[in-house]
Amino acid sequence: MRIAINEPSLGAEEIRAVSSVLRNGRLTSAQFHGGAYVQAFESAVASYVGAKYVIAMASGTAALQASLYIAGIKKGDHILVPSFTFIATANAISSLGAKPIFVDILQNYTIDPDDVAKKITKKTKAIIPVHLYGNVAPIRDIVKLAKEYDLQVIEDAAQSLGSTSRKKHTGTFSDMGCFSMYPSKVITAGEGGFVVTNNKKLHDQLLMFRNHGIGPRGPQTFGLNFRLPEISAALGTAQLKKLDKFLKMRRRNANLLTKLISDMGIILPIPPKDTNVNYSLYTVAVPDRDNILRKLYQKGIGAAAYYNMPVHKTPFFKNATRLPVTDWAALHVLSLPVHPHVSTRGIEYIAKILHEAVWEASETSWEVFAR
Ligand SMILES: Cc1ncc(COP(=O)(O)O)c(C=O)c1O
C-alpha cells in the first residue's frame with residue numbers, strides 16, 4: 001500500500017471549470033477588481049469564512065507580503081513570529097527588510113502568548129500567529145496583547161482553511177488573514193492564495209497592491225503583480241464547493257486514527273472542545289522520530305516531519321534564540337496522512353505500522369521523550 005502525506009482531490013468539476021476559462025480565452029484581468037473568475041472565487045470564500053472581503057493573490061507568500069506591506073511594515077521593524085512554521089512566513093517578513101523575532105510555541109505547536117509578551121520592544125510592529133497544521137493559535141490572547149501595545153496582527157492561516165474556534169474562522173480574528181492554495185493544502189488552485197479582511201480600506205489597498213498600485217482611476221501607489229490567474233480562480237472555486245466534504249473525510253479519518261493509536265503513549269492531536277480543526281496535517285509526537293519515519297516510508301506511508309528544522313536554525317535566519325518547546329517539537333513531530341483519499345483500510349494500515357515502529361523505538365529515546 002502507498003499513501004501520500006497529502007494529495008489534491010481533483011475530479012470532473014475541476015476539469016470543467018478550468019476548461020471553461022480556456023474556452024473563453026480571458027486568462028487574466030488587470031482591472032482593479034480582477035477577472036470574472038477571480039471575483040466569483042473571492043465572494044465564495046468571503047461567504048465561506050464569514051468575512052466581508054477576500055482578495056485573491058498569486059500565492060500564500062504573496063498574501064503575506066502584501067498584508068505586511070499594507071500594514072506599513074518597513075525596513076528594520078521587528079515582527080514577532082513562531083520559528084516553528086513553514087519558512088515562507090519568515091521570508092515574507094524579510095522580503096520587506098523587516099526582522100523576524102522568533103517566539104516559542106505551546107503544546108498545540110502554535111505561538112506562545114507569554115513568550116510574545118516577553119519579546120515586545122519599541123521596535124515591534126506586528127505579530128504573525130500561525131495556525132499550524134490547522135490548529136487554532138491562541139488568537140484572542142494575541143489580539144488582546146496587540147491592542148494593549150498598539151501592534152498589528154496578521155494571521156498566517158495558510159494551513160487552516162475551515163478551522164474554527166467557537167464557530168469563528170481562522171483568518172477572521174485580526175485585520176488580515178492569509179491563506180495558501182498550494183496543492184498540499186485542503187483545497188488547491190495549483191498555486192494561489194488570498195487575504196481575508198473586514199476592512200474596506202485594507203481591501204482597496206490590497207487590490208491596488210496586487211495590481212502594480214493601479215486604482216480604479218489609474219496608477220496611485222506602489223504595487224506588484226500578485227494577481228491570481230483566472231484558471232487558478234476557477235479551479236479554486238470548484239474545490240471550495242467540495243471543501244466541507246473534504247473536511248468531513250479528514251475528520252473522520254483523524255478520529256479513527258486517534259482511536260486506533262491512543263494506546264501507544266505518544267502525543268496525539270486532541271483539539272479543545274470549542275475548536276474545529278481542518279486536519280490539514282494530523283501530527284503526533286513520538287520518541288525516536290527519525291527511525292520511526294524511516295520505517296513508515298519503507299512500508300509505503302508518506303509520513304513527514306513538519307518541521308525538523310525550525311526557521312531560527314535555517315542558514316539564512318540562523319540565530320541563537322533559545323526556544324525549548326520549538327526544539328523539542330522539531331525533534332519529535334511526525335505528520336500522518338488523513339486526506340480524503342485515505343480509506344478506512346488505509347488508516348488501519350497506518351495504525352498497524354505505527355504500532356510496530358513505535359514498539360521498536362529505542363529505550364533511550366523514550367527517556368528523552370518523557371522529559
Ligand atoms: C504556514 C505557511 N505559511 C505560508 C505558506 C506559503 O504559502 P504558498 O506556498 O502558497 O506561498 C505556507 C504554505 O506553503 C505555509 O504552510
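In the chain, the longest principal axis of the Cα atoms and the axis of helix 289-298 are about 90 degrees apart.
Can you pull out the trypsin sites (Lys or Arg not before Pro) in the stretch 159-189 whose DSSP state is coil and whose Cβ has at most 12 other Cβ atoms within 10 Å? Don't skip to the end; give the middle numbers.
Numbers: sites: Arg166, Lys167, Lys168, Lys185; in loops: Arg166, Lys167, Lys185.
Counting only loop positions with at most 12 other Cβ atoms within 10 Å, the trypsin sites (Lys or Arg not before Pro) in the stretch 159-189 are Arg166, Lys167.
A Förster radius of 22 Å combined with the Cβ-Cβ distance from Thr344 to Arg2 puts the calculated FRET efficiency at roughly 0.85. Note on the stretch 166-242 and the stretch 259-330: Cα centroid distance 29 Å, given to the nearest whole angstrom. When you restrict to C-alpha pairs under 8 Å that are six or more residues apart and normalise by the size of the chain, the relative contact order lands at 22 percent.
Average the reciprocal distances over every distinct pair of alpha-carbons in the chain, invert the result, and give the Kirkwood radius in Å. Can you show the working numbers first?
Details: mean 1/r = 0.0472 Å⁻¹.
It is 21.2 Å.
Per-residue Karplus couplings for the stretch 131-147, computed as 6.51 cos²θ - 1.76 cosθ + 1.60 with θ equal to phi - 60°, are listed in order as 7, 5, 6, x, 5, 8, 5, x, 5, 5, 5, 5, 5, 5, 4, 4, 4 Hz, Gly and Pro entered as x. Highest GNM mean-square fluctuation among Ile79, Ile261, Ile111, for the chain modelled with Cα contacts below 10 Å: Ile261.
Taking other Cβ atoms within 10 Å as a rough exposure proxy, Tyr69, Tyr279, Tyr297, Tyr48 sort from fewest to most as Tyr297, Tyr48, Tyr69, Tyr279.
Sparse packing (at most 13 other Cβ atoms within 10 Å of the Cβ) combined with a DSSP loop state is found for the following trypsin sites (Lys or Arg not before Pro) in the stretch 53-150: Lys74, Lys75, Lys122, Lys123.
Considering the options His212, Gly11, Val338, tell which one lies farthest towards the positive end of the dipole of the chain, charges being +1 on Lys and Arg and -1 on Asp and Glu at the Cβ, about the Cα centre. Value computed over the given set: His212.
Calculated FRET efficiency, Asp274 to Glu360, Cβ-Cβ distance, R0 = 30 Å: about 0.20 to the nearest 0.05. The residues packed around Ala12, meaning those with a beta-carbon under 13 Å from its beta-carbon, carry a net charge of +1 if Lys and Arg are +1 and Asp and Glu are -1.
So which of Lys99/Lys313; Lys119/Lys273; Lys147/Lys167; Lys147/Lys273 end up more than 20 Å apart by C-alpha? The partial results should precede the final answer.
Details: Lys99/Lys313 15 Å; Lys119/Lys273 30 Å; Lys147/Lys167 23 Å; Lys147/Lys273 27 Å.
Long pairs (Cα-Cα over 20 Å): Lys119/Lys273; Lys147/Lys167; Lys147/Lys273.
Around Ala62, under 11 Å between beta carbons, what's the net of Lys plus Arg minus Asp minus Glu among the other residues? That works out to +1.
Indicate, rounded to the nearest 5 percent, the antiparallel portion of the DSSP beta bridges found entirely in the chain.
On the way: 23 of 38 bridges.
Counting DSSP beta bridges with both partners in the chain, the antiparallel share is about 60 percent.
Relative intensity of the stretch 242-349 on a log10 scale, I(q)/I(0) at q = 0.11, 0.13, 0.14, 0.22 Å⁻¹, equals -0.40, -0.56, -0.64, -1.25, per a Debye sum over C-alpha point scatterers of equal strength in the absence of solvent. With a ≥ b ≥ c the root eigenvalues of the C-alpha gyration tensor of the stretch 114-215, is it rounded (a/c under 1.5), prolate (a/b larger than b/c) or oblate? The shape class here is oblate. The length gained on full extension between Ala12 and Glu148, counted as 0.36 nm times the residue separation minus their Cα-Cα distance, comes to 43.9 nm. Backbone phi angles across the stretch 95-109, fed through the Karplus curve with coefficients 6.51, -1.76 and 1.60 (θ = phi - 60°), yield HN-Hα couplings of 4, 9, x, 7, 10, x, 10, 7, 10, 7, 10, 8, 5, 8, 6 Hz in residue order; Gly and Pro are listed as x. Less than 5 angstrom separates the built amide H of His212 from those of Leu224, Asn225, Phe226, all sequence-distant by 5 or more or on a different chain.
If the only charges are +1 at each Lys and Arg Cβ and -1 at each Asp and Glu Cβ, what is the size of the charge dipole of the chain around the Cα centre, to the nearest 20 debye? Could the numbers behind the result be given before it?
Numbers: 44 positive and 29 negative charges, 169 e Å.
Rounded to the nearest 20 debye, it is 820 debye.
The residue among Ala189, Leu293, Phe316 whose Cα reaches farthest toward the positive pole of the charge dipole of the chain, with charges on the beta-carbon of Lys, Arg, Asp and Glu, is Ala189. Expressed as a fraction of 2.2 N^0.38 Å, the C-alpha radius of gyration for the stretch 1-159 is 1.22.
All of the numbers you see were taken from the coordinates with simple rules; none came from a lab. These numbers were taken from a predicted model, which means no experiment stands behind them. Glycine gets a Cβ as well: all are built from the backbone with ideal geometry, and neighbour counts include every protein chain shown.
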